[in-house]
Amino acid sequence: MTTLVERGERRARPSRSLRSHRTRWAFVFLAPSLVLFGLTVFYPMARALQYSLYHWPLGSAKKFVGLDNYRRLLVDDGDFRQSVVVTLYFTVLSVLPTILVALFIAVLLNDARLRLRGLFRTIYFVPVVTSLVAVGYVWRALLEPSFGLVNTALGWVGISGPGWLASPDWALEGIVLMTVWRDLGFYMVIFLAGLQAIPREILDAARIDGAGPWRRFRHVTLPLLNPSIMLAGVIGVINGLQLFTQVYVMTGSAQQLPGGPLSSTRSVVIYIVEQTFRPLEMGYGSAAAFLLFVLIMIVTLIQFRLVQRRFEY
Amino acid sequence: MHATTRTVDVSKYLLLTVGALTMLTPLIWMVLASFKTLPEILAFPPTLLPEQVNLDNYHAVFETADFVRYFFNSVVIAAISVVSVLLTSSMAGYAFAKFSFPGRDALFVVVLATLMIPFQVRVIPLYVLASDLSLLNTYAGMVLPTLVDAFGIFLMRQYMMSIPSELIESARVDGAGELRIFVSIVLPLAKPALSALTIFTLVMSWESFLWPLLVASTPDMYTLPLGLAQFAGRFLNRTDLQMAAATMTVVPLLIVFLLMQKRFIEGMATTGMK
Amino acid sequence: MSRRVKKSAVAAGFLAIGIAATGCSGQSATEQQGGGGDGDGSGVTISHWQHQSDARAKIVQDFADGYDDASIDVQNIPYESYFQKLGAALEADTGPCVFQLPANILAEFHDRDELAPVPESVMSAEEIESSFTPASIELLNIDDEYYALPTDVQTLMLFYNDDLFEEAGLDPSQDFETWDDLVAAAEKLTKTSGDKMIQAGIDISASPYQWFYSAPTLAYPEGLVADETGDVEYDSEPGYQAWDRLTSLVTDNAVDDPEFLAEQSKFGLGKAGMTFKEFTFTGVYQLTAPDLNFSVHVAPPVTDDAAAPVASTSWSYAVSADCEDQDAAWEWVAHLTSEESQRVWIEGGGELPSRTALLDDESLQGDSNIAAGFTALAEAVPYDSRGWDDAYAIQQEIWDEITLNGTAVEDAVDKGAEAERELYRTKGLLE
């Protein structure tokens, strides 16, 4: 079974003094990261945890409320619940297709005889290194319902396109489309790397045994690629559950608050920012953030569980 | 048989080409828009080619904002972040991959868990901290949240696990110190992973907006994304100038990626390994 | 996942909690950094924050460069991030001396003890009241003291596309008398092809807020918020009527469609007969749609028996209570809002003066559109919700519920008003 956390190599047990010598060096190597994490992540997190127990208007007197922020979020706050649903829905809707399409393209590109392979690879990766603000604007124009390129193209094949960002039923799907476009190259690279690590001999052996391309893919390539798929899944879910920037640049403007129409794209992080920076109050948003953190933890653990059961070999 | 292979090949290229064009469309649109006038960009239905190629937007960008200075700041900040992330990640990744010590796996989980915390949550405490440390409006303050990266540590650990431990052991037997082993054996072998990490850190640093906005308090400390945001007003977005500025922001990053991409792919090779 | 990893995860959780617990005790003492420090010449540096606008950035920088009494450090912050930056600065006490605030949330900042009043030595209350229009200063007075001076005053005006009006046989020089007249004209201006809209009678769905700010505010004699109770009252007649008529433009009259040129400026593209916008859009359209032939008018009252004809929104320049050189800061704000400065603002594009004296100056009104804006300002009343983006979100949701979800007007409005009350309670502005 593979996991992100795997035991390092175990060698013949060294002597105790050698072990403590090694441990000391391990912490020398870890020290810079740990100090910086402490300063820039754990300390601010601890403060945020503290905020979450208060009613804390920025810049003025705070009031201790215990777990009341959490209680309100979990019991009273329908908007928060809705933002959780939106976020989970987005994550499923974006991660699965991105992985499937990226896998498909990686398999196509993994053919040494393919001409212009490097060029294709570069092009598919390019969206990863572009400015989200700039492409967010472009995507808004592409998704415009009456004249936008996407619906125009759908019109060519006889489909009457939906309202995308203007419609509460389709806005999230519009964001999914942009996310798939943007992240495809990243996953493709992970899969390409995984594919290239598969020894030719195994595939050749399968061919000699008479396995067709689909069977070779299904029974040889796919299982061997499992660690890469797992990694892509975990990263995808962690990023998906923190959905923010795409919504911010595609549904918000100075004339319109992000998260609409009708809260259909209001993710948890958008909600947190809304609850913090509009009333300029830290407590409630921080509590929501910790609930999100727990949610991400749980989903990631479930993922490990599922993958373990499915692919034990 | 031959004919089928042909058809398969043709459809494969067709598919890849259509896909590639789709991927490029938004970027091409951005570059072409940077040569258009504002009414032309806002025209509907949208046009692809500019009526005439003129560089007015680029001139205007340089007139309204000190883009050379912003570019310089972005480069400085990206450089510090990249060096710091490469250093901290390779050191920590090495410790996680090649040392066994009590609590190692738990610590690694803690490090990975930091990926699950949205930045928006810790931004205010971090800002107060930067202010307490008198780091506001300094390069040190601007780079604070991007000095260390859990994904980088993960990437380096995965790669370094593929380095044979015998190499390290034999160097130890030859009497090499731990630091020397790290610098002269481990780091050179990890070059592909370092390249991959460079690209990711660069993209992250180059794009970051909220933090530099909070920390910078004078225009001479602005970075490119802050410069870009200067063309967005409450009632009017100067999309024409934004596209010119965005093009200038994105192109350097693309060039770096093109130069490094070969190593980059190799560097990703071990991400999915055990 | 292996058992050890699960154990590790649990251990990690405890570790995180441990670190968190130790972190809590570290309440930091922050130092004031409001202003002060050494500038050039005069020795005083005033930090000044405002949200980004092309014209404003240029004008204020020119003022700062030519200002001798203090050195002014101007920072233009993108509008969408303005409150994030302000919030972080409030918490760390690193805020500016002078900053821009929407006039209708000045009271909230006053409640946070963030504001210093205008000192007598700079401008007395009588002086302020005789110099500025009532609409621009009404919300700046808290407990008989002024806490800011006005800027960026915007009346909400009706824009006609004159060419489309003439094409539809309408007279673009006339104001509408009643709401029904406006609807009738909008219907004439709407064009469809098959079941698709190709020209909107009125551009409202992409940015309806100007109208849902204005109509309920004008419907009540005291504005959106009752002076006595500090409570919203639009969940009653005539508030219902206001919301009903506005949303009917989309749901019944079908003079606009949210999916037609979604989020694009239909009016700017010449695809809408009318729009309802801040006065400053005269400048925006001149720049983005130079060929557009438009005129600016006072809109007809949305509700029967409206209390005033025109609503306005405005911002203000406030001085931080933490600023070390408050007098110098106020001198600078007074300079920015002085009569001479406002002449420059008007020429710089799209700003209306808040000085009464300038409204009567005919030399500034060469253009009939500007004249219309000036006239409207004299009779305007301010949009006075006690929230800014947070209240806006609530009101936008009322709009979306009715137009996109088909919710009954009264239900959506009742729910929205209750949410706005809850918001005021959270802010401590309402019992």
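The values are calculated or read from the model by the stated rules, or taken from the named source; none is laboratory data. Note that this is a predicted model, so its numbers are computed, not measured. All Cβ positions, even for glycine, are placed from backbone atoms using ideal geometry, and neighbour counts span all protein chains on display.
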**Report entry** Residue match in the range C:344-367 (condition: surrounded by fewer than 24 Cβ atoms within 10 Å (Cβ to Cβ), away from every other protein chain (no Cβ under 14 Å), among the β-branched types (Val, Ile, Thr) and closer than 22 Å to C:Glu120 by Cβ)
**Finding:** yes
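Yes/no per residue for (1) of a type in the set (Phe, Trp, Tyr); (2) within 30 Å of B:Leu210 (Cα to Cα); (3) touching a helix residue (DSSP H, G or I) at 6+ places or on another chain (Cβ under 8 Å):
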{"position": "C:Ser81", "(1), (2), (3)": "no, yes, yes"}
{"position": "C:Phe99", "(1), (2), (3)": "yes, yes, yes"}
{"position": "C:Ile105", "(1), (2), (3)": "no, yes, no"}
{"position": "C:Glu129", "(1), (2), (3)": "no, no, yes"}
{"position": "C:Ala135", "(1), (2), (3)": "no, no, yes"}
{"position": "C:Thr155", "(1), (2), (3)": "no, no, yes"}
Query raised in the report: Mind checking whether some residue in the range B:216-226 is β-branched (Val, Ile, Thr), assigned to a helix (DSSP H, G or I) and buried (at least 19 other Cβ atoms within 10 Å of the Cβ)?
Result: no
Query raised in the report: Regarding B:Pro26, is this residue surrounded by 12 or more Cβ atoms within 10 Å (Cβ to Cβ), facing another protein chain (nearest Cβ under 7 Å) and more than 24 Å from the chain's Cα centre (by Cα)?
Result: no
Report summary line: For B:Leu48, the lone unmet condition from (1) more than 25 Å from the chain's Cα centre (by Cα); (2) within 12 Å of chain A (Cβ to nearest Cβ); (3) in a helix (DSSP H, G or I) is (3)
Report summary line: Checked the range B:128-145 for anything more than 9 Å from chain A (Cβ to nearest Cβ) and closer than 12 Å to B:Trp211 by Cβ; matches are B:Ala130, B:Leu135, B:Leu136, B:Gly141, B:Met142, B:Val143
Query raised in the report: Out of C:Val183, C:Val153, C:Val118, which single residue is over 23 Å from C:Ala306 (Cβ atoms), out of contact with any Gly (no Cβ under 6 Å at 6 or more places or on another chain) and either in the same structural domain as C:Thr356 (by TED's automatic domain parsing) or not in a loop (DSSP other than H, G, I, E, B) (or both)?
Result: C:Val118
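Residue by residue through the range A:36-58, note down the ones that are in a loop (DSSP other than H, G, I, E, B) and surrounded by fewer than 22 Cβ atoms within 10 Å (Cβ to Cβ).
A:Leu53
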Report summary line: How many residues of the range C:184-214 are among the β-branched types (Val, Ile, Thr) and buried (at least 20 other Cβ atoms within 10 Å of the Cβ)? The answer is 3
**Report entry** Residue in the range C:368-411 that is surrounded by the most Cβ atoms within 10 Å (Cβ to Cβ), counting only those that are aliphatic (A, V, I, L, M) and over 29 Å from C:Ser295 (Cα atoms)
**Finding:** C:Ile398
Query - Matching residues, the range C:377-401, being more than 14 Å from the chain's Cα centre (by Cα) and among the charged types (D, E, K, R) - result: C:Glu379, C:Glu397, C:Asp400, C:Glu401
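Within the range A:70-86, is there a residue that is hydroxyl-bearing (Ser, Thr, Tyr), outside the structural domain of A:Ala287 (by TED's automatic domain parsing) and at pLDDT below 95?
So far as the range A:70-86 goes, no, none of its residues is hydroxyl-bearing (Ser, Thr, Tyr), outside the structural domain of A:Ala287 (by TED's automatic domain parsing) and at pLDDT below 95.
Listed here are the residues, each with its yes/no results for (1) within 18 Å of the chain's Cα centre (by Cα); (2) surrounded by 22 or more Cβ atoms within 10 Å (Cβ to Cβ).
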| residue | (1), (2) |
| --- | --- |
| C:Tyr79 | yes, no |
| C:Leu86 | yes, yes |
| C:Glu91 | no, yes |
| C:Val98 | no, yes |
Report summary line: Considering the range B:146-155, residues that are assigned to a helix (DSSP H, G or I) and either in contact with a Leu (Cβ under 7 Å, 6 or more places away or on another chain) or facing chain A (nearest Cβ under 8 Å) (or both), and then whichever is nearest to A:Ser286 (Cα to Cα), we arrive at B:Ala150
Report task. Return the only residue of A:Ala153, A:Ala193, A:Ala112, A:Ala141 being more than 11 Å from chain B (Cβ to nearest Cβ) and not polar (S, T, N, Q). Result -> A:Ala112
Requested in this report: Provide a single number: the residues in the range C:48-88 that are among the aromatic types (Phe, Trp, Tyr) and farther than 21 Å from C:Glu340 by Cβ.
Outcome: 4
Query raised in the report: Given the conditions (1) assigned to a helix (DSSP H, G or I); (2) surrounded by fewer than 24 Cβ atoms within 10 Å (Cβ to Cβ), which single one is not true for B:Ser134?
Result: (1)
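So that you can scan it fast, the table gives a plain yes or no per residue for (1) within 14 Å of chain B (Cβ to nearest Cβ); (2) free of Cβ contacts under 8 Å to residues at least 60 places away in the same chain:
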{"residue": "A:Ile198", "(1), (2)": "yes, yes"}
{"residue": "A:Ile202", "(1), (2)": "no, yes"}
{"residue": "A:Pro213", "(1), (2)": "yes, yes"}
{"residue": "A:Gln246", "(1), (2)": "yes, no"}
Report task. Determine the pairs where a residue that is farther than 23 Å from A:Phe244 by Cα and not assigned by TED's automatic domain parsing to the domain that holds A:Val180, located within the range A:132-157, has a partner that is surrounded by 20 or more Cβ atoms within 10 Å (Cβ to Cβ) and of a type in the set (A, V, I, L, M, F, W, C) with Cβ atoms under 9 Å apart, the partner being 6 or more residues away or on another chain. Result -> none
Report task. Hand me the list of helices (runs of 4 or more DSSP H) wholly inside the range A:170-261 holding 3 or more residues that are at pLDDT 85 or above and outside the structural domain of A:Leu292 (by TED's automatic domain parsing). Result -> none
Report task. Look through the range A:234-289, keep the residues that are within 30 Å of C:Val284 (Cβ to Cβ) and of a type in the set (Phe, Trp, Tyr), and return whichever of them is surrounded by the fewest Cβ atoms within 10 Å (Cβ to Cβ). Result -> A:Phe244
Report task. Determine which single condition B:Met23 fails, assuming it passes every other condition in (1) assigned to a loop (DSSP other than H, G, I, E, B); (2) over 30 Å from C:Val60 (Cα atoms). Result -> (1)
Query raised in the report: In this structure, is B:Val85 more than 7 Å from chain A (Cβ to nearest Cβ) and surrounded by 21 or more Cβ atoms within 10 Å (Cβ to Cβ)?
Result: yes
